[in-house]
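The values are calculated or read from the model by the stated rules, or taken from the named source; none is laboratory data. Predicted model, so just to flag it, every value in this text is computed and none were measured. Neighbour counts run over all protein chains shown; Cβ positions are idealised from the backbone, glycine included. Accessible surface areas use protein heavy atoms only, side chains included; no ligands, DNA or RNA. Shrake-Rupley method; radii C 1.70, N 1.55, O 1.52, S 1.80 Å.
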Amino acid sequence: MVDTAHRNETPEADPGLVGAVEHDIREDAFPIKGWDHVRFYVGNARQAAHYYSTAFGMTLFAYRGPEQGHREHAEYALKSGGVTFVLAGGVTAESEASRHYARHGDGVIEVALEVPDVDKNYEHAVGQGAIAVEEPHDVTDEHGTIRRAVIGTYGETRNVLIDRSRYTGPFLPGFVAAEPMVKPPEKRFFQAIDHIVGNVELGRMREWVQYYERVMGFTNIVEFVEDAIATEYSALMSKVVANGNRKIKFPINEPAEGKKKSQIDEYLEFYGGPGVQHIALATNDILAAVDAMRERGVEFLEAPDAYYEDPEMRERIGEVRVPIEELQKRRVLVDRDEDGYMLQIFTKPQQDRPTVFYEIIERHGSLSFGKGNFKALFEALEKEQAKRGNL
Ligand code: FE2
(Lines give C-alpha, C1' and ligand atoms only; values in the text may rest on other atoms or scores of the structure.)
Protein backbone atom coordinates (compact mmCIF):
# COMPACT_ATOMS: atom_id res chain seq x y z
CA MET A 1 0.00 0.00 0.00
CA VAL A 2 1.14 3.50 -0.72
CA ASP A 3 1.95 5.42 2.40
CA THR A 4 -0.14 8.57 2.03
CA ALA A 5 2.03 10.62 4.38
CA HIS A 6 4.99 9.81 2.19
CA ARG A 7 3.02 10.72 -0.94
CA ASN A 8 1.98 14.08 0.53
CA GLU A 9 5.57 14.99 1.04
CA THR A 10 6.39 14.37 -2.61
CA PRO A 11 3.43 15.78 -4.56
CA GLU A 12 5.46 16.14 -7.73
CA ALA A 13 6.70 12.57 -7.68
CA ASP A 14 5.99 10.46 -10.73
CA PRO A 15 2.75 8.62 -9.92
CA GLY A 16 4.12 5.47 -11.54
CA LEU A 17 7.06 5.53 -9.20
CA VAL A 18 4.97 6.24 -6.15
CA GLY A 19 2.67 3.39 -7.13
CA ALA A 20 5.63 1.07 -7.34
CA VAL A 21 6.45 1.67 -3.69
CA GLU A 22 4.29 -0.90 -2.01
CA HIS A 23 5.35 -0.71 1.57
CA ASP A 24 6.41 2.20 3.67
CA ILE A 25 10.08 2.90 3.23
CA ARG A 26 11.70 3.29 6.59
CA GLU A 27 13.82 6.35 7.12
CA ASP A 28 16.91 4.82 5.73
CA ALA A 29 19.12 3.85 8.61
CA PHE A 30 20.71 1.26 6.36
CA PRO A 31 20.87 2.55 2.77
CA ILE A 32 21.99 -0.01 0.16
CA LYS A 33 22.99 0.73 -3.44
CA GLY A 34 22.65 -2.90 -4.52
CA TRP A 35 24.27 -6.33 -4.60
CA ASP A 36 28.05 -6.10 -4.92
CA HIS A 37 29.15 -9.72 -5.21
CA VAL A 38 28.79 -13.22 -3.83
CA ARG A 39 31.98 -14.91 -2.66
CA PHE A 40 32.25 -18.70 -2.53
CA TYR A 41 34.77 -20.98 -0.89
CA VAL A 42 35.26 -23.93 -3.22
CA GLY A 43 37.48 -26.99 -3.42
CA ASN A 44 39.15 -26.00 -6.67
CA ALA A 45 38.59 -22.38 -7.71
CA ARG A 46 40.31 -22.69 -11.05
CA GLN A 47 38.04 -25.51 -12.16
CA ALA A 48 34.94 -23.87 -10.66
CA ALA A 49 35.75 -20.70 -12.61
CA HIS A 50 35.88 -22.76 -15.76
CA TYR A 51 32.49 -24.34 -14.97
CA TYR A 52 30.79 -21.01 -14.29
CA SER A 53 32.34 -19.68 -17.51
CA THR A 54 31.20 -22.55 -19.71
CA ALA A 55 27.97 -23.71 -18.08
CA PHE A 56 26.67 -20.39 -16.70
CA GLY A 57 28.07 -18.14 -19.44
CA MET A 58 29.91 -15.96 -16.91
CA THR A 59 33.11 -14.10 -17.81
CA LEU A 60 36.32 -14.06 -15.79
CA PHE A 61 37.49 -10.45 -15.40
CA ALA A 62 39.73 -10.30 -12.32
CA TYR A 63 42.03 -12.56 -10.32
CA ARG A 64 44.22 -12.55 -7.23
CA GLY A 65 46.42 -15.27 -5.86
CA PRO A 66 49.97 -16.13 -4.82
CA GLU A 67 51.27 -14.28 -7.93
CA GLN A 68 49.94 -11.06 -6.36
CA GLY A 69 51.33 -11.90 -2.93
CA HIS A 70 47.89 -13.19 -1.82
CA ARG A 71 49.41 -16.36 -0.47
CA GLU A 72 46.42 -18.16 1.09
CA HIS A 73 43.86 -18.19 -1.70
CA ALA A 74 43.43 -18.17 -5.46
CA GLU A 75 40.36 -16.07 -6.28
CA TYR A 76 38.57 -15.75 -9.59
CA ALA A 77 36.02 -12.94 -10.15
CA LEU A 78 33.44 -13.62 -12.86
CA LYS A 79 30.49 -11.63 -14.03
CA SER A 80 27.33 -11.83 -16.09
CA GLY A 81 25.74 -8.38 -16.41
CA GLY A 82 25.32 -7.13 -12.85
CA VAL A 83 26.04 -10.51 -11.25
CA THR A 84 29.53 -10.94 -9.80
CA PHE A 85 30.74 -14.20 -8.26
CA VAL A 86 34.12 -14.61 -6.59
CA LEU A 87 35.36 -18.19 -6.42
CA ALA A 88 38.07 -18.60 -3.79
CA GLY A 89 40.06 -21.77 -3.22
CA GLY A 90 42.66 -22.55 -0.56
CA VAL A 91 46.26 -22.79 -1.72
CA THR A 92 47.36 -24.55 1.48
CA ALA A 93 45.66 -26.93 3.89
CA GLU A 94 45.63 -24.10 6.47
CA SER A 95 43.87 -21.57 4.21
CA GLU A 96 40.48 -20.44 5.51
CA ALA A 97 38.86 -21.70 2.30
CA SER A 98 40.36 -25.17 2.81
CA ARG A 99 38.93 -25.41 6.32
CA HIS A 100 35.54 -24.09 5.16
CA TYR A 101 35.53 -26.48 2.22
CA ALA A 102 36.33 -29.49 4.43
CA ARG A 103 33.37 -28.64 6.63
CA HIS A 104 30.77 -27.40 4.15
CA GLY A 105 31.83 -28.39 0.64
CA ASP A 106 31.51 -25.65 -1.99
CA GLY A 107 29.39 -22.87 -0.54
CA VAL A 108 28.78 -19.17 -0.06
CA ILE A 109 30.93 -17.41 2.53
CA GLU A 110 30.02 -13.79 1.74
CA VAL A 111 27.05 -11.89 0.36
CA ALA A 112 28.49 -8.43 -0.28
CA LEU A 113 26.32 -5.33 -0.53
CA GLU A 114 27.38 -1.98 -1.95
CA VAL A 115 26.54 0.85 0.43
CA PRO A 116 27.18 4.61 0.27
CA ASP A 117 28.55 4.92 3.81
CA VAL A 118 30.03 1.78 5.40
CA ASP A 119 30.58 3.42 8.80
CA LYS A 120 26.99 4.59 9.06
CA ASN A 121 25.54 1.19 8.14
CA TYR A 122 27.95 -0.68 10.39
CA GLU A 123 27.30 1.57 13.34
CA HIS A 124 23.56 1.18 12.93
CA ALA A 125 23.81 -2.61 12.52
CA VAL A 126 26.09 -3.17 15.51
CA GLY A 127 24.02 -0.77 17.59
CA GLN A 128 21.07 -3.06 16.85
CA GLY A 129 22.94 -6.17 17.90
CA ALA A 130 24.56 -7.30 14.65
CA ILE A 131 27.35 -9.86 14.91
CA ALA A 132 30.52 -7.79 14.46
CA VAL A 133 33.08 -9.58 12.28
CA GLU A 134 35.25 -6.80 10.83
CA GLU A 135 35.05 -3.15 11.81
CA PRO A 136 35.05 -0.53 9.02
CA HIS A 137 38.50 -0.18 7.49
CA ASP A 138 40.18 0.98 4.29
CA VAL A 139 41.80 -1.38 1.81
CA THR A 140 44.07 0.34 -0.69
CA ASP A 141 46.11 -0.44 -3.77
CA GLU A 142 47.43 1.65 -6.67
CA HIS A 143 43.86 2.04 -8.05
CA GLY A 144 42.45 3.66 -4.92
CA THR A 145 40.66 2.67 -1.74
CA ILE A 146 37.59 0.74 -0.79
CA ARG A 147 36.04 0.88 2.65
CA ARG A 148 34.70 -2.36 4.01
CA ALA A 149 33.11 -3.90 7.10
CA VAL A 150 31.66 -7.32 7.79
CA ILE A 151 28.73 -8.46 9.86
CA GLY A 152 27.78 -12.04 10.55
CA THR A 153 24.61 -13.83 9.58
CA TYR A 154 23.32 -17.44 9.73
CA GLY A 155 25.97 -20.16 10.09
CA GLU A 156 29.40 -19.06 8.92
CA THR A 157 27.87 -16.79 6.27
CA ARG A 158 28.73 -13.08 6.36
CA ASN A 159 27.34 -9.88 4.93
CA VAL A 160 30.10 -7.63 3.65
CA LEU A 161 29.48 -3.88 3.30
CA ILE A 162 31.52 -2.15 0.61
CA ASP A 163 31.94 1.46 -0.48
CA ARG A 164 33.79 1.41 -3.80
CA SER A 165 33.25 5.08 -4.69
CA ARG A 166 36.98 5.87 -4.29
CA TYR A 167 38.18 2.85 -6.26
CA THR A 168 38.86 2.52 -10.00
CA GLY A 169 40.61 -0.87 -10.28
CA PRO A 170 39.24 -3.93 -12.10
CA PHE A 171 37.47 -5.31 -9.02
CA LEU A 172 38.81 -4.95 -5.48
CA PRO A 173 42.26 -4.00 -4.15
CA GLY A 174 44.77 -6.76 -4.84
CA PHE A 175 42.93 -8.13 -7.87
CA VAL A 176 44.41 -7.75 -11.33
CA ALA A 177 42.44 -7.74 -14.58
CA ALA A 178 42.09 -11.21 -16.14
CA GLU A 179 41.18 -12.42 -19.61
CA PRO A 180 38.07 -14.62 -20.05
CA MET A 181 38.81 -18.35 -19.71
CA VAL A 182 36.57 -19.22 -22.61
CA LYS A 183 34.91 -17.10 -25.29
CA PRO A 184 31.93 -15.36 -23.61
CA PRO A 185 28.50 -16.28 -25.05
CA GLU A 186 27.00 -13.83 -27.56
CA LYS A 187 24.07 -13.23 -25.26
CA ARG A 188 24.39 -13.49 -21.50
CA PHE A 189 22.16 -16.04 -19.78
CA PHE A 190 21.22 -13.80 -16.81
CA GLN A 191 22.03 -10.28 -15.69
CA ALA A 192 21.03 -9.66 -12.07
CA ILE A 193 20.65 -11.30 -8.69
CA ASP A 194 16.97 -11.46 -7.78
CA HIS A 195 17.21 -12.96 -4.30
CA ILE A 196 19.45 -15.11 -2.11
CA VAL A 197 17.90 -17.73 0.15
CA GLY A 198 19.24 -19.04 3.44
CA ASN A 199 18.42 -22.30 5.20
CA VAL A 200 18.44 -22.20 9.00
CA GLU A 201 17.72 -24.77 11.69
CA LEU A 202 14.26 -25.73 12.91
CA GLY A 203 12.83 -22.95 15.07
CA ARG A 204 15.42 -20.35 14.06
CA MET A 205 13.69 -18.69 11.05
CA ARG A 206 11.85 -16.07 13.06
CA GLU A 207 15.04 -15.12 14.86
CA TRP A 208 16.91 -14.47 11.58
CA VAL A 209 13.98 -12.56 10.11
CA GLN A 210 14.02 -10.34 13.19
CA TYR A 211 17.80 -9.99 12.87
CA TYR A 212 17.48 -8.49 9.37
CA GLU A 213 14.56 -6.32 10.51
CA ARG A 214 16.55 -4.95 13.40
CA VAL A 215 20.06 -4.84 12.01
CA MET A 216 19.39 -3.75 8.41
CA GLY A 217 15.89 -2.25 8.75
CA PHE A 218 14.47 -4.83 6.34
CA THR A 219 10.77 -5.66 6.33
CA ASN A 220 9.04 -9.02 6.15
CA ILE A 221 7.32 -9.02 2.74
CA VAL A 222 6.09 -12.55 2.19
CA GLU A 223 5.23 -15.32 4.54
CA PHE A 224 4.54 -18.91 3.68
CA VAL A 225 2.71 -20.94 6.25
CA GLU A 226 3.71 -24.48 6.72
CA ASP A 227 0.86 -26.20 4.92
CA ALA A 228 1.26 -23.93 1.91
CA ILE A 229 4.59 -25.52 1.14
CA ALA A 230 4.02 -29.09 2.06
CA THR A 231 3.99 -32.27 0.09
CA GLU A 232 3.27 -35.70 1.42
CA TYR A 233 6.80 -36.04 2.72
CA SER A 234 8.55 -32.81 3.28
CA ALA A 235 7.66 -29.32 4.27
CA LEU A 236 9.29 -26.03 5.04
CA MET A 237 8.46 -22.65 6.44
CA SER A 238 9.73 -19.56 4.73
CA LYS A 239 9.67 -15.81 5.25
CA VAL A 240 11.11 -13.13 2.99
CA VAL A 241 12.81 -9.96 4.21
CA ALA A 242 13.67 -7.11 1.85
CA ASN A 243 15.24 -3.68 2.05
CA GLY A 244 13.26 -0.48 1.42
CA ASN A 245 13.63 -0.42 -2.37
CA ARG A 246 13.16 -4.21 -2.63
CA LYS A 247 16.42 -4.63 -4.52
CA ILE A 248 17.78 -6.91 -1.83
CA LYS A 249 15.57 -9.86 -0.92
CA PHE A 250 16.55 -12.57 1.54
CA PRO A 251 14.08 -15.45 1.92
CA ILE A 252 14.85 -17.57 4.98
CA ASN A 253 13.72 -21.20 5.26
CA GLU A 254 13.48 -23.58 8.14
CA PRO A 255 12.42 -27.23 8.02
CA ALA A 256 8.89 -28.18 9.05
CA GLU A 257 7.54 -31.49 10.21
CA GLY A 258 6.79 -33.88 7.36
CA LYS A 259 6.41 -37.62 7.09
CA LYS A 260 10.06 -37.92 6.18
CA LYS A 261 13.16 -35.79 6.09
CA SER A 262 12.60 -32.27 4.78
CA GLN A 263 14.79 -31.01 1.93
CA ILE A 264 15.96 -28.33 4.39
CA ASP A 265 17.07 -31.04 6.83
CA GLU A 266 19.00 -32.69 4.02
CA TYR A 267 20.75 -29.40 3.28
CA LEU A 268 21.56 -28.72 6.95
CA GLU A 269 22.98 -32.22 7.37
CA PHE A 270 25.19 -32.12 4.28
CA TYR A 271 26.24 -28.47 4.55
CA GLY A 272 27.03 -28.97 8.21
CA GLY A 273 24.73 -26.19 9.42
CA PRO A 274 22.89 -23.14 8.09
CA GLY A 275 23.97 -21.43 4.89
CA VAL A 276 22.93 -20.12 1.50
CA GLN A 277 20.56 -22.56 -0.18
CA HIS A 278 20.00 -20.93 -3.56
CA ILE A 279 20.72 -17.83 -5.56
CA ALA A 280 18.02 -16.63 -7.95
CA LEU A 281 19.40 -15.14 -11.15
CA ALA A 282 17.17 -12.83 -13.19
CA THR A 283 17.02 -13.23 -16.95
CA ASN A 284 14.95 -11.55 -19.65
CA ASP A 285 14.83 -14.72 -21.75
CA ILE A 286 14.45 -17.83 -19.64
CA LEU A 287 13.87 -20.11 -22.64
CA ALA A 288 17.17 -19.14 -24.27
CA ALA A 289 18.98 -19.27 -20.91
CA VAL A 290 17.71 -22.74 -20.06
CA ASP A 291 18.44 -24.07 -23.56
CA ALA A 292 21.98 -22.71 -23.44
CA MET A 293 22.67 -23.96 -19.92
CA ARG A 294 21.25 -27.45 -20.63
CA GLU A 295 23.36 -27.65 -23.77
CA ARG A 296 26.38 -26.91 -21.59
CA GLY A 297 25.52 -29.64 -19.11
CA VAL A 298 23.53 -27.89 -16.36
CA GLU A 299 20.82 -30.16 -14.95
CA PHE A 300 17.45 -28.75 -13.88
CA LEU A 301 14.64 -30.12 -11.73
CA GLU A 302 11.91 -31.45 -13.97
CA ALA A 303 8.26 -30.71 -13.22
CA PRO A 304 5.97 -33.58 -14.25
CA ASP A 305 3.71 -33.39 -17.35
CA ALA A 306 0.73 -33.34 -15.01
CA TYR A 307 1.84 -29.84 -13.92
CA TYR A 308 1.34 -28.47 -17.44
CA GLU A 309 -1.78 -30.47 -18.21
CA ASP A 310 -3.69 -29.45 -15.09
CA PRO A 311 -6.65 -27.31 -16.29
CA GLU A 312 -6.77 -25.50 -12.95
CA MET A 313 -3.16 -24.41 -13.34
CA ARG A 314 -3.77 -23.24 -16.92
CA GLU A 315 -6.79 -21.28 -15.78
CA ARG A 316 -4.85 -19.70 -12.90
CA ILE A 317 -1.84 -18.57 -14.91
CA GLY A 318 -3.79 -17.34 -17.99
CA GLU A 319 -1.80 -15.85 -20.87
CA VAL A 320 1.97 -15.66 -20.67
CA ARG A 321 4.43 -14.46 -23.33
CA VAL A 322 5.12 -17.93 -24.76
CA PRO A 323 2.91 -20.96 -25.46
CA ILE A 324 2.70 -23.25 -22.49
CA GLU A 325 4.06 -26.08 -24.66
CA GLU A 326 7.38 -24.19 -24.88
CA LEU A 327 7.51 -24.04 -21.10
CA GLN A 328 6.57 -27.71 -20.80
CA LYS A 329 9.30 -28.73 -23.24
CA ARG A 330 11.86 -27.08 -20.96
CA ARG A 331 10.11 -27.77 -17.62
CA VAL A 332 9.93 -24.05 -16.87
CA LEU A 333 7.39 -23.24 -14.13
CA VAL A 334 4.91 -20.34 -14.11
CA ASP A 335 3.28 -18.48 -11.26
CA ARG A 336 0.94 -15.51 -11.18
CA ASP A 337 -0.11 -13.08 -8.48
CA GLU A 338 -2.09 -9.83 -8.48
CA ASP A 339 0.87 -7.89 -9.93
CA GLY A 340 1.74 -10.12 -12.87
CA TYR A 341 3.46 -13.41 -13.58
CA MET A 342 6.89 -14.97 -13.48
CA LEU A 343 8.67 -17.89 -15.10
CA GLN A 344 11.17 -19.89 -13.05
CA ILE A 345 13.24 -23.06 -13.03
CA PHE A 346 15.67 -24.58 -10.52
CA THR A 347 18.95 -26.34 -11.16
CA LYS A 348 20.00 -29.45 -9.32
CA PRO A 349 22.73 -28.91 -6.68
CA GLN A 350 25.86 -27.61 -8.39
CA GLN A 351 28.47 -29.48 -6.33
CA ASP A 352 28.89 -33.00 -4.97
CA ARG A 353 26.95 -32.29 -1.78
CA PRO A 354 23.15 -31.82 -2.12
CA THR A 355 23.38 -28.22 -0.98
CA VAL A 356 23.66 -25.02 -3.07
CA PHE A 357 21.59 -24.67 -6.26
CA TYR A 358 20.37 -21.89 -8.55
CA GLU A 359 17.06 -20.52 -9.72
CA ILE A 360 16.64 -18.81 -13.08
CA ILE A 361 13.75 -16.33 -12.98
CA GLU A 362 12.05 -14.09 -15.54
CA ARG A 363 9.65 -11.64 -13.90
CA HIS A 364 6.74 -9.91 -15.59
CA GLY A 365 5.39 -7.69 -12.83
CA SER A 366 5.05 -10.43 -10.26
CA LEU A 367 6.97 -9.87 -7.05
CA SER A 368 6.31 -13.35 -5.74
CA PHE A 369 8.63 -16.29 -5.20
CA GLY A 370 6.60 -18.99 -6.91
CA LYS A 371 4.48 -20.23 -4.05
CA GLY A 372 2.04 -21.77 -6.57
CA ASN A 373 4.86 -23.95 -7.87
CA PHE A 374 6.16 -25.27 -4.62
CA LYS A 375 4.15 -28.46 -4.64
CA ALA A 376 5.24 -29.50 -8.16
CA LEU A 377 8.73 -28.41 -7.36
CA PHE A 378 8.98 -30.27 -4.08
CA GLU A 379 7.77 -33.45 -5.70
CA ALA A 380 10.53 -33.16 -8.29
CA LEU A 381 13.00 -32.38 -5.53
CA GLU A 382 11.97 -35.33 -3.40
CA LYS A 383 12.50 -37.66 -6.34
CA GLU A 384 16.13 -36.51 -6.38
CA GLN A 385 16.39 -36.77 -2.59
CA ALA A 386 15.06 -40.33 -2.73
CA LYS A 387 17.70 -41.23 -5.37
CA ARG A 388 20.36 -40.03 -2.90
CA GLY A 389 18.83 -42.20 -0.15
CA ASN A 390 17.99 -39.15 1.97
CA LEU A 391 14.21 -39.20 2.11
FE1 FE2 B 1 13.89 -18.56 -5.01
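Summary of values
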item	result
Gyration tensor over alpha-carbon atoms, segment 76-195, equivalent ellipsoid semi-axes in Å	25, 20, 16
Summed residue charge, Cβ within 10 Å of PHE56's Cβ, Lys/Arg positive, Asp/Glu negative	+2
Solvent exposure ordering (accessible area, 1.4 Å, most first) of GLU207, GLU257	GLU257, GLU207
Surrounding net charge for ILE279, when Lys and Arg each add one and Asp and Glu each subtract one, Cβ distance under 9 Å	-2
Carbon + sulfur, % of accessible area of the chain - ligands and nucleic acids excluded, 1.4 Å	49
Listed residue pairs exceeding 29 Å between alpha carbons, taken from LYS120/LYS247; LYS183/LYS371; LYS33/LYS348; LYS187/LYS348; LYS249/LYS375; LYS183/LYS348	LYS183/LYS371; LYS33/LYS348
Stretch gain in nm, segment ARG46-ALA102, where the contour uses 0.36 nm per residue and the Cα spacing is subtracted	18.4 nm
Separation between Cα centres of segment 99-150 and segment 343-372, rounded to whole Å	26
Local net charge near HIS137, Cβ-Cβ under 9 Å (Lys/Arg +1, Asp/Glu -1)	-1
In Å², nearest 10: area of PHE357 left accessible to a 1.4 Å probe	20
Over the chain, equivalent-ellipsoid semi-axes from the Cα gyration tensor in Å	31, 27, 22
Per residue, in Å², the accessible surface of the chain once ligands and nucleic acids are set aside, probe 1.4 Å	44
P(r), alpha carbons of segment 192-388 - 10 Å bins starting at zero, rounded %	9, 36, 39, 16, 1
